[in-house]
Amino acid sequence: MTMGDAELLTVRDKGLPLRAAGLTVEEFLATGPRLDEFWTPLIVLDDAAMRANVATMARWCAERGLALMPHGKTTMAPALWKRQTDAGALGITFATMGQVRTARDLGVDSVMLANAAVDRPALAWLAQELADPDFRFVSWADSIATVEAMEEALLSTGAPRPVDVCVELGGAGGRTGARSIEEAVRVAERIAASSVLRLAGVAGYEGSLAHDRSTAALAAVRAYLESQLELHAAIAPLYDDGELYVTAGGSAYFDVVADVWGAAPRDDRTHFTLRSGAYIVHDDGFYRGISPFDEGAAQPEGSPRFVNAMHGIARVVSAPEPGLALVDAGKRDLPFDEGLPIPRSSSTGVSGPWQPLQGEVSAMNDQHSYVRSEQALAIGSVVRLGLSHPCTAFDKWRVLPVVESADSDVVTGLVRTYF
């Protein structure tokens, strides 16, 4: 749950109490810290909510026979990856080879690279890592040029075994991925013919094809996933008898993925693998509006639910005109790319008690946010903020405090990030 017991905290870890500097995490936590010691601004994680989210996703996947390799770039926090793998995740997904190298250094031994690997120095490093027989690694390719670039780099490395590669299927207007099944089949044939690569299945990302849960958006996602299964069947004669992957599923449409995949033939060697990553903390903005498991989603009673497990805390530093307060958290501290923070409550101190706050954040600068509310906010008071998009929340912090629950100010852990 915490950073390494022997790792010393420093004054460079923003937000931490001054007295934490020079202590190990274990020593600091043994003193029973509370949030009111921490400096603002902050992003705070809710332990109870994270545990509930991890358990919910693990149970839901297990019931449907789905593997899970959650996207680790969301948090870049090994303490949180461990929660996910301890709950049954097959491994962790990453977006860059730099992230993969970091993960390997932190002890991760089962990795999917949801991207193409064509950088020669990175592939030379990978060839060395493949000497570890317990290291699972699978990447993607969406063109013959990608395959040839990988091949050229790997042939000179003496890699001890072929690199597992999934052919990536995309869609018009999407991100990466072959734009047709016919094109993807040609890529798969080229991978299968390589001496340094192994065809390991079919991959893709449906989230770039839709951005809401409208009828048209869900239809586009479903059509793409059906094409993915069609590709998987078309290249079946090219597979060897090793492990295979059919992988999709961001944090917005994994329910549609599971539904479409439910009709696909299954065997013991094929991992139908979701890569949803944001679910561990969920959010109070983008995913709240699009996730099928949000607490406000239109689902039958008793359906799985995710709970927001992160919030920001910022202090009022200026009230220059009626209805406007400036707080000390800005773009350097809080996510803003998928919606601005949302004022939820206010208090005289970081530990509460919290009172509901109606208002909005109308703009953000590097170190300020503009909170507009008819409720007066005194200089020195604090505002608790709902946040949108965890993928751009964690990268702004080296250390994030974890409290017992949303109603507690008892700090039970610290999560270290490695961006």
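The values are calculated or read from the model by the stated rules, or taken from the named source; none is laboratory data. All values derive from a computational prediction rather than experimental measurement. FYI the Cβ positions are ideal-geometry reconstructions off the backbone, even for glycines, and counts take in every protein chain you see.
The one condition from (1) at pLDDT 95 or above; (2) surrounded by fewer than 16 Cβ atoms within 10 Å (Cβ to Cβ) that Ile235 does not meet is (2).
Scan the range 60-111 for residues that are among the hydroxyl-bearing types (Ser, Thr, Tyr), out of contact with any strand residue (DSSP E or B) (no Cβ under 6 Å at 6 or more places or on another chain) and closer than 15 Å to Val138 by Cα and the total you get is 1. Which residues, taken from the range 253-312, are part of a loop (DSSP other than H, G, I, E, B) and of a type in the set (D, E, K, R)? Listed by number, the residues that qualify are Arg266, Asp267, Asp268, Arg269, Arg275, Asp283, Asp284, Glu295, Glu301, Arg305.
Only a single item in (1) out of contact with any helix residue (DSSP H, G or I) (no Cβ under 6 Å at 6 or more places or on another chain); (2) small (Gly, Ala, Ser); (3) within 30 Å of Leu130 (Cα to Cα); (4) surrounded by fewer than 19 Cβ atoms within 10 Å (Cβ to Cβ) is not met by Gly32, and it is number (3). Scanning the range 115-131 for residues that are of a type in the set (A, V, I, L, M, F, W, C), assigned to a loop (DSSP other than H, G, I, E, B) and buried (at least 16 other Cβ atoms within 10 Å of the Cβ) yields Ala116, Ala117, Val118, Leu130. If you check Gly250, Gly173, which single one turns out to be exposed (fewer than 15 other Cβ atoms within 10 Å of the Cβ), outside any helix (DSSP H, G or I) and in the same structural domain as Tyr279 (by TED's automatic domain parsing)? Sole residue among the options that is exposed (fewer than 15 other Cβ atoms within 10 Å of the Cβ), outside any helix (DSSP H, G or I) and in the same structural domain as Tyr279 (by TED's automatic domain parsing): Gly173. Val383 satisfies every condition listed in (1) in contact with an Asp or Glu (Cβ under 7 Å, 6 or more places away or on another chain); (2) part of a strand (DSSP E or B) except (1). Among Val167, Val185, which is touching a residue at least 60 places away in the same chain (Cβ under 8 Å) and either surrounded by fewer than 19 Cβ atoms within 10 Å (Cβ to Cβ) or not in a loop (DSSP other than H, G, I, E, B) (or both)? Exactly one residue qualifies, and that residue is Val167. Considering only residues of the range 207-247 that are among the small types (Gly, Ala, Ser) and in a loop (DSSP other than H, G, I, E, B), which is nearest to Glu189 (Cα to Cα)? Result: Gly242. Scanning the range 74-114 for residues being in contact with a Ser or Thr (Cβ under 9 Å, 6 or more places away or on another chain), in a loop (DSSP other than H, G, I, E, B), in contact (Cβ under 8 Å) with a residue 60 or more places away in the chain and surrounded by fewer than 22 Cβ atoms within 10 Å (Cβ to Cβ) gives a total of 2. Under the condition of being in contact with a Leu (Cβ under 9 Å, 6 or more places away or on another chain) and assigned to a loop (DSSP other than H, G, I, E, B), the residues counted in the range 34-47 number 3. Can you confirm whether Leu377 is touching a residue at least 60 places away in the same chain (Cβ under 8 Å), farther than 20 Å from Thr74 by Cα and touching a Ser or Thr at 6+ places or on another chain (Cβ under 9 Å)? For Leu377, the condition - touching a residue at least 60 places away in the same chain (Cβ under 8 Å), farther than 20 Å from Thr74 by Cα and touching a Ser or Thr at 6+ places or on another chain (Cβ under 9 Å) - is met.
Is it the case that the range 296-309 has a residue that's among the polar types (S, T, N, Q) and buried (at least 24 other Cβ atoms within 10 Å of the Cβ)? No: the range 296-309 contains no residue that is among the polar types (S, T, N, Q) and buried (at least 24 other Cβ atoms within 10 Å of the Cβ).
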